[in-house]
Amino acid sequence: MENETSSKNFIEQIIEKDLAEGYCKVVKTRFPPEPNGYLHIGHAKSILLNYGLAKEYGGQFNMRFDDTNPTKEKEEFVESIKKDVEWLGAEWNGDVLFASDYFPQMYEAAVGLIRKGKAYVDDLSAEEIRQYRGTLTEPGKESPYRNRSVEENLRLFEDMKNGKYADGEKVLRAKIDMASPNINMRDPVIYRVAHMTHHRTGDQWCIYPMYDFAHPIEDAVEGITHSICTLEFEDHRPLYDWVVMETGYKTSAEGTPKQIEFAKLYLTNVVTGKRYIKKLVEDGVVDGWDDPRLVSLSALRRRGFTPESIKMFVDLVGVTKSQGSVEYPMLEYCIREDLKLKANRMMAVLNPVKVVIDNYPEGQTEYFDVPNNQENPELGTRKVPFSRELYIDAEDFMEEPPKKYFRLFPGNEVRFMNAYYITCTGCEKDENGNITLIHCTYDPATRGGNYPERKVKGTIHWVNAATAVNAEVRLYENLIDEEKGVYNEEDGSMNINPDSLTVLKNCFVEPELAKAVPEEKFQFVRTGYFCVDSKDSSEEHLVFNRIVSLKSSFKI
């Protein structure tokens, strides 16, 4: 039992203690994004952690939007986030919830604080509030409006609600301690005047609660037991507890809802900041928030990553209190591991050159039964056509090869994968010296490509010319120049890798791939894992995104 406890992460240990000591009977967690942008890989850790804990303890997982700031919120982001959470397999309890559902309770809670002498209306400007707040080494100064009477504060707050004041003219502040060593406790603003149209409540409200006031109340109203957030909110925890206790939702800091902080997920050499991605989109560097070079969840899905690979990655990273960063190759390792037994292994020629097998009968086509995945027989087989004219990758032929080059060159015999042993007899070139045609012969006795009496060192893949399907293939590298890091220290600009995308227009794939559908994933043998692009691919024009190459530098 002791070993089992020690293998639990620190959040699981807290939850189990709370259950044992009766602070909660049913574990309730939530994922509370602000609908002001698209989710990225870091959010996946929060989603899967919150959902996983609720599932582990037979509890409840809520999906709630923290929509308390109308300036940046859009329905577009709401729908995108819901899709991402569903894609990751996190099933929320009941309906999607919104902080704006609780605006009436938040308003009444604020009125209750005023009645208790725990909140006051302040006329100081935002700049003056900052000046009065003090520093990490100096205490703050009390506002001249701090000791207004309860009656006056109630009247002014109602006037704020009724639209009598301009934006920024008045705020409601919690009355806590201007000398607190924690700056968050120095009479934080809990309501502001903002004459803005909300995406759900329209113009019903012209005052909006601040996040640090709204969030604890949302958790309390929903009965959330463990409010799990990232480390930057650790200094806000005393304020979280103050709000839920002073508004009567719990009686001690040990009770629930209880805030617990964990380390964020940082990936090296990626862009996650919303304003930076927005600039990349506006400048046309990427083709949208779902560009496969980004690490938004919609981009990773379009690139070809699977929910299972993201979950494996999050599990490998683990849950800790110590901040650190994770190398991108770990994420690539996870998608390779997930796809190696799932994906059909197909033949695709990305840089084609034609081969003619001169001694193969003209007009003849034969079919080979080829396993879809040699490591997973359950995926079955397919029939692959073979005839006199084929395509191979240009890099699989050299007229004058170096030593230890075992692929096709004049006089050398190689194995055409699953087909025959083929010997090169020569080649043709254009006026610029480019190879245009390779001549070969085949040995009919070697059908199937395995002929133990005669060993060959090279095996290459191919596509039958008559039935080949044309496709566009996009090869992605890191968007960021890894040697320089993400940002230029001198001017704050991003160090973009000019070779982050290579588009190959005239590739050939085997005919089976003509039926491929958006987001379907394959291994192109000897090349990498690929996914049908969900945005640009069509029946008339197939587009494949490279998810990841076959080789990995990451060691687990």
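Quick note: the coordinates plus some simple rules give every number you see, no bench work behind them. Model, not experiment: these values are computed from the prediction. Note that we place each Cβ from the backbone using ideal geometry, even for glycine, and neighbour counts take in every protein chain shown.
Things to note:
- Quarter of the Cα convex hull surface for the range 348-461, i.e. its orientation-mean projected area (nm²): 8.2 nm²
- Here the chain carries DSSP beta bridges of which approximately 70% are antiparallel, counting only pairs with both residues inside.
- Neighbours of ASP499, meaning other residues whose beta-carbon lies under 14 angstrom from its beta-carbon, give a summed charge of 0 when Lys and Arg score +1 and Asp and Glu score -1.
- Approximate spin-label separation GLN374-GLU400, in nm, with each point projected 7 Å along Cα-to-Cβ: 3.4 nm
- Using R0 = 41 Å, the C-beta based FRET efficiency linking LYS264 and VAL503 works out to 0.75.
- Using alpha carbons only: equivalent-ellipsoid semi-axes of the chain, gyration tensor based, whole Å: 62, 24, 20
- Beta bridges per DSSP with both ends in the range 348-461, % antiparallel, nearest 5: 75 percent
- With neighbours defined as other Cβ atoms within 10 Å of a residue's Cβ, the residues THR467, THR423 order from fewest to most as THR467, THR423.
- Long pairs among LYS278/LYS521; LYS274/LYS521; LYS429/LYS505; LYS8/LYS83, criterion Cα-Cα beyond 25 Å: LYS278/LYS521; LYS274/LYS521; LYS8/LYS83
- Paramagnetic reach from ASP283 (point 7 Å along Cα→Cβ, amide N under 17 Å) across the range 488-505: 488-501
- Taking the chain and dividing mean pair separation by its residue count, relative contact order in percent (alpha carbons under 8 Å, at least six apart): 11 percent
- Candidate lysines - alpha carbon under 16 Å from LYS250, same-chain residues fewer than 8 apart omitted: LYS25, LYS28, LYS258
- Helix-only arithmetic for the chain: the sum of -39500 (n - 2.57) across DSSP H runs with n ≥ 4, divided by the residue total, places the mean residue ellipticity at 222 nm at -7500 deg cm²/dmol.
- Relative to the current alpha-carbon distance between GLN323 and GLN13, full extension at 0.36 nm per residue lengthens the span by 109.6 nm.
- Placing a label point 7 Å from the Cα of GLN364 along the Cα-to-Cβ line, the residues of the range 405-442 whose backbone N sits under 17 Å from it are 416, 419-423, 440-442.
- Note on the range 116-180 and the range 63-113: Cα centroid distance 27 Å, given to the nearest whole angstrom.
- Full-stretch length increase - GLU428, LYS340 - with 0.36 nm per residue and alpha-carbon distance subtracted: 27.9 nm
- Judged by the mean number of other Cβ atoms found within 10 Å, the most tightly packed of the peptides 160-171, 348-359 leads the ranking 348-359, 160-171.
- When each of LYS82/LYS279; LYS515/LYS551; LYS116/LYS175; LYS72/LYS164; LYS321/LYS484 is checked by Cα-Cα distance, pairs over 18 Å: LYS82/LYS279; LYS515/LYS551; LYS72/LYS164; LYS321/LYS484
- MET245 paired with LYS55, simple spin-label distance in nm, labels 7 Å along Cα-to-beta-carbon: 3.6 nm
- Of ILE217, ILE547, the sequence from fewest to most neighbouring Cβ atoms within 10 angstrom is ILE217, ILE547.
- Computed E for ALA445/THR381 - FRET, C-beta separation, R0 22 angstrom, nearest 0.05: 0.45
- Cβ-based net charge around ARG200, under 10 Å, with every Lys or Arg adding one and every Asp or Glu removing one: -4
- DSSP bridge pairs, the range 13-262: antiparallel proportion in percent, nearest 5: 50 percent
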